[in-house]
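Asker: Okay, here's the structure, questions in a sec.
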Amino acid sequence: MDFSIAAVRRSPEEQGSLEAMFIDIFEHRFSFNEVIGLRIESFDPESPRLSFDMRQELVGSYIHNRLHGGVTATALDTVGGFAVAVAIAEKHAHETAEQIIMRFGRFGTIDLRVDYLQQGIGRSFHASAKVVRLGGRIASVRMELKNDADLLIATGTAAYVIS
């Protein structure tokens, strides 16, 4: 006889509340993300995604009309943090949206590396991430930024403090 207890997962309504909170936090409460225009594209725990459109305010080289390197780094850092947030929400799937949000009091980037591979040229950009390790205090993540033609613009790796 199997005596294992199935973990209770938050309800679809509670999951919707959590996703709405993540949208509010990542798209609006981090003011610089709002300036860039970052939008959550996918809550998929295996590959969460953010996207943004190219605008004149994001140009780093006016001669070539390409994306500023700081915007690239911010997009990668933000999608990395978002991936960790989604992973924590999955790890604690029995908790309410409010309980999950309370876990982010000491959340922050402690190391970020960006490799710029191509010029940031495109109409829009999509950043994705994969959590490599979710420890008790530190999370490690790999990120990618691609343009609308699916050209790999930059990659990144980061470590986040999560406790």
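Derivation of every value follows stated rules applied to the coordinates shown; laboratory data play no part. Computed from a prediction, not measured in an experiment: that's the story for all the values here. No Cβ is skipped: glycine too gets one built from the backbone with ideal geometry, and neighbour counts run over all protein chains shown.
Asker: Let me have the 222 nm mean residue ellipticity of the chain computed from DSSP H runs of 4+ only, each contributing -39500 (n - 2.57), with the sum over all residues rounded to the nearest 500.
Answerer: -9000 deg cm²/dmol
Asker: Something else about it: What is the angle, in °, between the Cα long axis of helix 12-23 and the longest principal axis of the Cα atoms in the chain? Nearest 10 is fine, range 0 to 90.
Answerer: Tilt relative to the chain: about 30 degrees.
Asker: Out of these labelled values of P(r) over Cα pairs in 5 Å bins from 0, in percent, (1) 2, 9, 18, 20, 19, 13, 8, 5, 3, 1, 1, 0, 0, 0, 0; (2) 2, 10, 20, 23, 21, 14, 7, 2, 1, 0; (3) 1, 8, 11, 13, 19, 21, 16, 8, 2, 0, 0, which was calculated from the coordinates shown here?
Answerer: Comparing each candidate, only (1) matches the computed number.
Asker: Which whole-number percent gives the relative contact order of the chain, counting Cα pairs below 8 Å spaced six or more residues apart?
Answerer: Once divided by the residue count of the chain, the mean separation gives 23 percent.
Asker: Under a point spin-label approximation (7 Å from Cα along Cα-to-Cβ), what is the Ser42-Arg9 distance to one decimal in nm?
Answerer: The answer from the label model is 1.8 nm.
Asker: What whole-number distance in Å separates the alpha-carbon centres of the stretch 83-126 and the stretch 131-150?
Answerer: What the calculation gives is 8 Å, centre to centre.
Asker: Follow-up. For helix 69-91, what angle does its Cα long axis make with the longest principal axis of the chain, in degrees from 0 to 90 and rounded to 10?
Answerer: Its long axis makes an angle of about 10 degrees.
Asker: So, in nm, how far is label Phe32 from label Asp150 when the simple model puts each one 7 Å beyond its Cα toward the Cβ?
Answerer: The answer from the label model is 3.2 nm.
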